[in-house]
Amino acid sequence: MRIIIQRVTQASVEISKVKTSEINKGLLLLVAFEDNDNQTDIDWMIKKILGMRIFSDSNQKMNLSVDDIQGAILIVSQFTLYASTKKGNRPSFIKSATPFKALDLYNQFVKSFQSITSLIIQTGTFGADMKITSINDGPVTVIIDSKIRE
């Protein structure tokens, strides 16, 4: 499981020119899955994300988590995070989970997030052609992978 975390002041999803989800201060999560991902990967990611101290405290030090600031979370599926560019110029997505498996994992991820926190959780629509708008705050962008865990 691979996630790009962006600290945002605002983020939204638009599908067919209709805004379907929107958050203010919080995290935009771009999420991708591999076929061998499971609930253990999901649980580790959620714990890591909720505890990640990337928001500024009163001394302007990144010392607060999204939970500490009562921020919101926008979760968007993005299989292209597993793009391989090793050969040629067209990326290969062979490491990405199959759409059926990825949809199941995405739904598990969202439900698990909702069950563990009272923060506002918004989502994109899996498989849809989405337009994502965000204002990256900082900018702060972090990439985490449940298999590498660094």
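The values are calculated or read from the model by the stated rules, or taken from the named source; none is laboratory data. None of the values given here were measured: they were computed from a predicted structure. Counting neighbours? That spans all protein chains shown, and the Cβs are built from the backbone with ideal geometry, glycine included. In case anyone asks, the SASA skips ligands and DNA or RNA and just uses the protein heavy atoms, side chains included. Shrake-Rupley method; radii C 1.70, N 1.55, O 1.52, S 1.80 Å.
Around the Cα centre of the chain, unit charges on the Cβ atoms of Lys, Arg, Asp and Glu (plus for the first two, minus for the last two) sum to a dipole of about 400 debye.
Remark: for residue pairs Lys111/Lys147; Lys61/Lys87; Lys47/Lys95; Lys87/Lys111, the C-alpha separation exceeds 31 Å in Lys61/Lys87; Lys87/Lys111. Cross-link partners for Lys19 among the lysines, with Cα-Cα distance under 17 Å and sequence neighbours closer than 8 places in the same chain left out: Lys131. So what's the angle, to the nearest 10 degrees on a 0 to 90 scale, between helix 99-116 and the longest Cα principal axis of the chain? With both axes taken from Cα atoms, the answer is about 20 degrees.
Normalised by the number of residues in the chain, the mean separation of alpha-carbon contacts (under 8 Å, six or more apart) gives a relative contact order of 37 percent. Compute the distance from the alpha-carbon center of segment 5-72 to that of segment 75-112, in whole Å. Taking the Cα centre of each part, segment 5-72 and segment 75-112 sit 18 Å apart. With θ taken as phi - 60° and the Karplus curve 6.51 cos²θ - 1.76 cosθ + 1.60 applied, the whole-hertz 3J(HN,Hα) list for segment 19-28 is 6, 9, 8, 7, 10, 9, 3, x, 10, 9 Hz, x standing for glycine and proline. Ligands, DNA and RNA left out, the 1.4 Å accessible surface of the chain is 50% carbon and sulfur atoms. Using a probe of 1.4 angstrom and keeping all protein chains present, the accessible surface of the chain works out to 57 square angstrom per residue. Among the trypsin sites (Lys or Arg not before Pro) in segment 1-93, those placed in a DSSP loop whose Cβ has at most 12 other Cβ atoms within 10 Å are Lys17, Lys61, Lys86, Lys87. Computing Rg and Dmax of the Cα atoms in Å for the structure here picks out one of [x] 21.6, 77; [y] 15.2, 48; [z] 25.6, 98, namely [y].
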